[in-house]
Amino acid sequence: MQYQSDLSGDELINLAVKRYFGSVDKKDMDGTLVCFHDEAILTVQTSFTTHAGKTAIKRMFADFFSSFERIIHRDFECTADPANGRICASFTAELITKDGRTNLLHNTNFWRVRGDRFQEVYVYMSGDNVLI
């Protein structure tokens, strides 16, 4: 089993920004989940919440997708460490509710990539946890 990634820095950033957040913003469940290993974990560090395994991550995204009319991730500042299969991104999450209210979050995510998919995701979120 491969425990590290052979992706370049640009490929790691593309995985996080284009493939993952691009799919999340389209509420594309299949496109979102393909970015994760079956036994991946996603932890919201600022609320001590962990979703372990693709089934739990899928349930979390189903709730997240249904909670907002529109989801927009933008203004990315990324750093990639291809030698260790790591990515860090700071960004703005703009979440628009069904009644038109906008919730802006300023988040930072850290990913550990195994092969070409996420093994671990750590989210630091400003404001209330929307990934419950």
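The values are calculated or read from the model by the stated rules, or taken from the named source; none is laboratory data. Just so it is clear, the model here is predicted, and its values are computed rather than measured. Here the Cβ positions follow ideal geometry from the backbone for every residue, glycine too, while neighbour counts run over all protein chains shown. These area figures cover heavy atoms from the full protein model, side chains too; ligands, DNA and RNA do not enter into them. Shrake-Rupley method; radii C 1.70, N 1.55, O 1.52, S 1.80 Å.
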Using alpha carbon centers only, the stretch 38-96 is separated from the stretch 103-128 by a whole-angstrom value of 4 Å
Given chymotrypsin sites (Phe, Trp or Tyr not before Pro), DSSP loops and at most 14 other Cβ atoms within 10 Å, the longest exposed-site-free stretch of the chain is 49-132
Among the aspartates and glutamates, which have Cα under 14 Å from the Cα of residue 18 when same-chain residues fewer than 8 positions away are ignored?
10, 28, 75, 77, 116
Helix axis angle, 54-67 relative to the chain longest principal axis, alpha carbon, degrees
30 degrees
Using only the Cα atoms, what convex hull volume per residue in Å³ does the stretch 9-125 have?
90 Å³
Among the aspartates and glutamates, which have Cα under 12 Å from the Cα of residue 27 when same-chain residues fewer than 8 positions away are ignored?
63, 69
At a 1.4 Å probe, what is the % contribution of carbon and sulfur to the accessible area of the chain?
50 percent
Under the rule of -39500 (n - 2.57) per DSSP H run of 4 or more residues, summed and divided by the residues of the chain, what mean residue ellipticity at 222 nm is obtained, to the nearest 500 deg cm²/dmol?
-5500 deg cm²/dmol
